[in-house]
Amino acid sequence: MTRLLLLDGHSLAYRAFFALPAENFSTATGQHTNAVYGFTSMLINVIRDERPTHVAVAFDRSRQTFRTEEYAEYKAGRAKTPDEFSGQVPLVQEVLDALRIAHAEVDGYEADDIIATWARQGREAGHEVLVCSGDRDALQLVDERVTVLYPRKGVSDLARMTPEAVEEKYGVRPERYSDLAALVGESADNLPGVPGVGPKTAAKWLGLYGDLGGVVDHADQIKGKAGQSFRDHLDQVLRNRRLNQLVSDVELPVGMAEAEWDSYDREKVHEVFDALEFRVLRDRLFEYLGADETEGTETGEAAELEVEALAPGGLADWLEAQGEELVGLELLVAMPESLAGRHRAEATGVALAGPGSVVWFDLAGRTPGDENALAGLLAEGAERVAVHDVKPAVHALREIGLRLDAVAHDTALAAYLVKPDQRSYDLGDLAIRHLHRELPSGEEQGGGDALFAADLVEGGETLGGAALQAAHRAQAVRDLAPVLAELVEQAGGTRLLHDVELPLAAHLVRMEAAGIAVDRDRLDELESDFADQVAAAQADAHAAIEDDSVNLGSPKQLQQVLFERLGMPKTKKTKTGWTTDADALVWLRAQTGEGTPAEAFLEALLRHRDVTKLRSTVQGLQKAVDTDGRIHTTYQQTIAATGRLSSVDPNLQNIPIRTEAGRRIREVFVVGEGFEQLMSADYSQIEMRIMAHLSGDEGLIEAFRAGEDLHNFVGAQVFGVEPDAVTPEMRAKVKAMSYGLAYGLSAFGLSKQLGIGPEEAKGLMETYFERFGGVRDYLGEVVDRARADGYTETMLGRRRPLPDLGSSNRQRREMAERMALNAPIQGSAADVMKLAMLRVDDRLAADGLGSRVLLQVHDELVVDVAPGEAETVRELVTHEMSTAVELDLPLEVSVGLGRSWHDAAH
DNA sequence: GGGAGTACGTA
DNA sequence: CGTACGTACTCCCT
C-alpha cells in the first residue's frame, strides 16, 4: 500500500508557534525555534505513526492570492505575522531539505490549494492520502481515500477526520463541508457567515435540501429569522463558497514522483539539528529511521569489509607487509573486575587497517614477537598510527604495558580543530560526512565508542560483532585521516594538531592516570560538618516561616513562599516565574525589615544554598575517590570551542576557592605518597596580559612591564588620581570592568553588576577607552576581522568559526560578537597554557625529575613534587610557564608549595 | 530514567 | 544586556 502524506507547513508551524512558549525554544544564540520544533516534532510523529511512502509539504508564499483579488478583506484583520515566526519558515524548509522531503509554494495560491492538487494526484496514482493541516478548509478533501489529520490542541493531538468523523462532528458529509462553512462563515479567514445561523442550523438545511444549491433554490421556503437572515446575506454566502473552494489543478513544481520518500541526508540532518539544538528530536528521528529500512539507502550502506583474524604470532608478518604506510587503529577495551578506575581499562584486542587489509588481533594471545612488532608500530619515531580519540587508546595500551608514543593522526582532534563548536565528534558521523560511509551500528556507537564492548566478543575465538565493528572503525579512521588532515591544513591547524594537541594528549593521559591524592578522613569530616550546617540552616529557615514542609531546594516552592505567602516584591523573571537566585535573595533581604521572620528566612535560605552546594561538591568527591585513594579526573580535549580543556567525572576545575568554607575543600587534596609537597603555579592575569599584547595598547603594556598592580594602575588612569589614592571601591569597579571587557560587557551589564547607575557605568567605560585606546581599537577590529573572515583566531592560529556574525537576528549577531571578542583572548590563554604544559612535562622528563603535573585549571598547574625537588621544580615551572610564548610584556607566574592544594595557594 | 529548568562552582 | 565550562537538584514526563 502506498501512502501519501501531505502537510500544510505554514498552518502547522503557525499553530506550533503559539502552542509552544517561545522562551522555552531558542538556541544559545537566541534564534527562536518553537515553530520549527513543533512542526518537526509533529512531522516525526506522523511519519512514525503513519509510515507514508510519499511525503510533501505545502507552504503559503504570500497573502496575495486569487482569493484576495476577489475579496480584498480575505484573511484581513489578522494580526501581522510576527517576525519571530516568519524567520522560522526557512528553518522548517531546511529541516525538510535535510530529510529530503519535497515541499512547494506557488504564487497566488494557498498551501491548501497545493495540497488539494496533490491529494487529487495522489488519489489518481492510487495512494492512500493523509492530509495534515490546521486549516479546516482541508476537511472538504476528505473521502474514502483521503483522511485529514487535524491538530486538536497543541502539536501532539491529531484528530483523524474520516468521512464518518466529519459527519459526526459537523453533521454533514465532507463533500458538503464547504457549503456548511460558507453558511457559518470562517472567522480565521475573515469570512462572515449568516448571522444567526450556526453549524446546527446550517447542517439541518443542508440535510433538508441536499447541498448549498438546494438551500439557495429553496431560500424563500425557509422560515423564521434565520431564513430571512440567509436571504439577506445570500451574496455573501455564495462568495464564501467560491472562496473556500480549494483549487485542485494548480500547476506545481513538485509532483508525485518527487514526493516519493526513500532517503534522507544524514549529515545534513546532523548539521541542521545541531544548529537548532534539537537533541531529543534528533534522537527520536533516528530512533525511528534507524528501525526503518530507509536507513542506509542514501548515504551508502555499510560497506563489505573482509577482516582477517590474525592468529597469535601473526602480527609481525602482517605489519611487515604494510610497509611504511599509515595504519588505522581501533581498540577493544575491557575493565578489569578488581579495579574501579576508568583509566585502568585494558586493551583486549586491536583492529588494524593497513593499505591492503584489515585485521583483528586478540591481544590476550599475543606472543613476545607480536608484542615487539606492535611496540615498534606504536613507538616514537614511527608516526604511522591513526586513531580516533587518542587518549583512551593510550590509557588502554598503557594498562597492558604498551606505550603509544607515535600517533600520526587523531581524527577526533582533527575534527575538533576544524569545527570546534560541535558537541561531539562521533566517528560514525565523521564517516558519513566525509566518507559517505555508514559504520555498522553497535549497541554503543556514541561517545563511548568501542570502549567496554569486549563482552560482545564471545570467547575471543570467533570474530564477534564488536571485533567486526572495531575493524570497520579502524578502516574508517585510516580513510578519514588524510581527508581530515587536508581540512586541518586548510584551517591552518596542522601545527596546532601535531605540535600541541597530539603531544598534549599523551601528557593528559599521564595526569589522568596519576590523579591527585585525597585525605579521605578529612573529606568525610568535611561532609558531616557540612551536613550539620545544612540541617541547621534548614531548621532555621523552617522555623522562620513556621512551616517545615517546604523543600528549600525547590525554586518552585520557594517562589510560592516568597512571592505568594510572604508577598515579597517580584524579582527578575525566569521562564517559569521569578528567580530565587542568590543575587535576588540578597536583594530581597535588603528590602526586608530587620529582625523580621522574612529576613531570618532569607538569611537561613542563603546559608542553606551555600552549604548544600558545598556538601554536594564534597559528596561528589567522595564518590570519585578511586581504590588507590586518589581522584582521577578526565580532561576533555575536544569540548570547549575556545580551545580550553574541560574536566569531568569529577570536574576538578570548579573546586571552590572564593569563600573560606569552600577553600576548606581544597585542604583534602594532598601531596601523594612518595612525594614531598604539592605545588600550585598560576599565571597572574593571563587574559588581561594577552589582551594587552594582542591590542598593543601602550598604556596597558607599560603597566604590566612596570609590574604595577594592574587594577590600581587602571583605576588611577580612569579616575585621574595617583595610584596610591585608588580606593578599594574604585579598584573593584575597574577590576570588574577590565575583566568584563574581554567578555563583551556592555555599560548596562556593568552598571547592573556593580549596582551603579547606567550613566556612571557608561562614563567609566568611556574614560577607560579614552585612556586605553588601543584596547578599544583592538576589540573593534577583532570583531570586524572575524566578520570578514568568518572566524576568529588565537595566537597559535586556532580558529573558531562564527557564522552568526552575519545574522540578521540582532540577538544572535550580538552574541556572536561577544564570542568573537572573547575567543581570541580566552583561546590564546589556553594555547599558552598548553604550550607551557608541554614544556614543563618535557623538562621534567629531560632533567630526570620525579615530580609530575597532576591538574590543570585553565591558568594553574598543580604538581606533585618529589622529595628534594621543590626548588628545582619551582624554578623549572616558573621558567617554562613564563617563557612559553614571547609577548610584548612579561608573563608572570606565581608559585606556592604546601601539603595540600589549599596550603599551596598563594 | 531522562529531559528541562534553575542554580552555582571555577577560570 | 558577560565568555567558557560541569554538576546537582527538582519537577514532570515517559
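The values are calculated or read from the model by the stated rules, or taken from the named source; none is laboratory data. No experiment lies behind these values; they were computed from the predicted model shown. All Cβ positions, even for glycine, are placed from backbone atoms using ideal geometry, and neighbour counts span all protein chains on display. We work out accessible area using only protein heavy atoms, side chains counted, and drop any ligands, DNA or RNA first. Shrake-Rupley method; radii C 1.70, N 1.55, O 1.52, S 1.80 Å.
The table below lists the values:
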| quantity | calculated |
| --- | --- |
| Region A:307-515 - percent of accessible surface contributed by carbon and sulfur, probe 1.4 Å | 50 |
| Mean Cβ neighbour count within 10 Å, used as a protection proxy, ranking A:825-832, A:723-730, A:788-795 highest first | A:825-832, A:788-795, A:723-730 |
| Where Rh is the Kirkwood radius over Cα pairs, Rg/Rh for region A:191-280 | 1.35 |
| Value of Rg to Rh for region A:462-592 (Rh from inverse mean 1/r over Cα pairs, i.e. Kirkwood) | 1.28 |
| Rounded to whole Hz, the Karplus (6.51, -1.76, 1.60) HN-Hα couplings of region A:198-209, x for glycine and proline | x, x, 4, 4, 4, 5, 4, 4, 5, x, 6, 10 |
| Translational diffusion of region A:661-756, µm² s⁻¹ [Kirkwood Rh, Cα pairs; Stokes-Einstein; 37 °C; 0.692 mPa s] | 207 |
| 20 Å Cα-Cα reach of A:Lys570 towards aspartates and glutamates, excluding residues that sit fewer than 8 places from it in its own chain | A:Glu23, A:Asp581, A:Asp583, A:Glu594, A:Glu599, A:Glu603 |
| Dipole magnitude of chain A about its Cα centre (Cβ charges: Lys, Arg +1; Asp, Glu -1), debye to nearest 20 | 3300 |
| Helix-only [θ]222 nm of chain A, DSSP H runs n ≥ 4, -39500 (n - 2.57) each, per residue, nearest 500 | -14500 deg cm²/dmol |
| Which of A:Ala845, A:Ala820, A:Leu805, positive extreme of dipole for region A:791-906 (C-beta unit charges) | A:Leu805 |
| Neighbour count of at most 13 Cβ within 10 Å plus DSSP loop: longest trypsin sites (Lys or Arg not before Pro)-free window in chain A | A:659-906 |
| Inter-centroid distance (Cα atoms) of region A:305-370 relative to region A:585-640, Å | 46 |
| Environment charge at A:Phe772 (Cβ cut-off 10 Å; Lys +1, Arg +1, Asp -1, Glu -1) | -2 |
| Extreme residue, positive dipole direction of region A:307-515, given options A:Ala474, A:His436, A:His395 (C-beta unit charges) | A:His395 |
| Semi-axis lengths (Å, descending) of the ellipsoid that matches the C-alpha gyration tensor of chain A | 59, 40, 27 |
| Cross-link reach list, lysines versus A:Lys419, counting only Cα pairs under 27 Å and skipping chain neighbours closer than eight places | A:Lys268, A:Lys391, A:Lys834 |
| Efficiency of FRET from Cβ geometry, A:Arg785 and A:Ala535, R₀ 41 Å, rounded to 0.05 | 0.15 |
| Mean Cα-pair separation over length for chain A, i.e. relative contact order, pairs under 8 Å, 6 or more apart, % | 9 |
| Carbon/sulfur fraction of accessible area - region A:689-729, other protein chains in place, 1.4 Å, % | 47 |
| Region A:527-563-region A:724-797 distance, computed between alpha-carbon centres (Å) | 39 |
| Relative contact order of region A:307-515, defined on C-alpha pairs under 8 angstrom at six or more residues apart (%) | 26 |
| Accessible surface, 1.4 Å probe, highest first, among residues A:Ser616, A:Ser882 | A:Ser616, A:Ser882 |
| Along principal axes, Cα extents of region A:307-515, largest first, whole Å | 44, 41, 35 |
| Charge sum, other residues only, whose C-beta stays under 11 Å from A:Leu497's C-beta, Lys/Arg counted +1 and Asp/Glu -1 | -2 |
| Region A:720-868, dipole about Cα centre (Lys/Arg Cβ +1, Asp/Glu Cβ -1), debye to the nearest 20 | 480 |
| Region A:82-135: mean projected area of Cα convex hull, nm² | 4.8 |
| Straight-distance crosslink candidates among lysines, where the alpha carbon sits under 28 Å from A:Lys573 and sequence neighbours closer than 8 are dropped | A:Lys80, A:Lys153, A:Lys556, A:Lys613, A:Lys733, A:Lys752, A:Lys762 |
| Computed FRET value (nearest 0.05) for A:Ala846 with A:Arg48, which takes r as the C-beta separation and R₀ as 51 Å | 0.25 |
| Accessible area of chain A divided out per residue, in Å², using a probe of 1.4 angstrom | 43 |
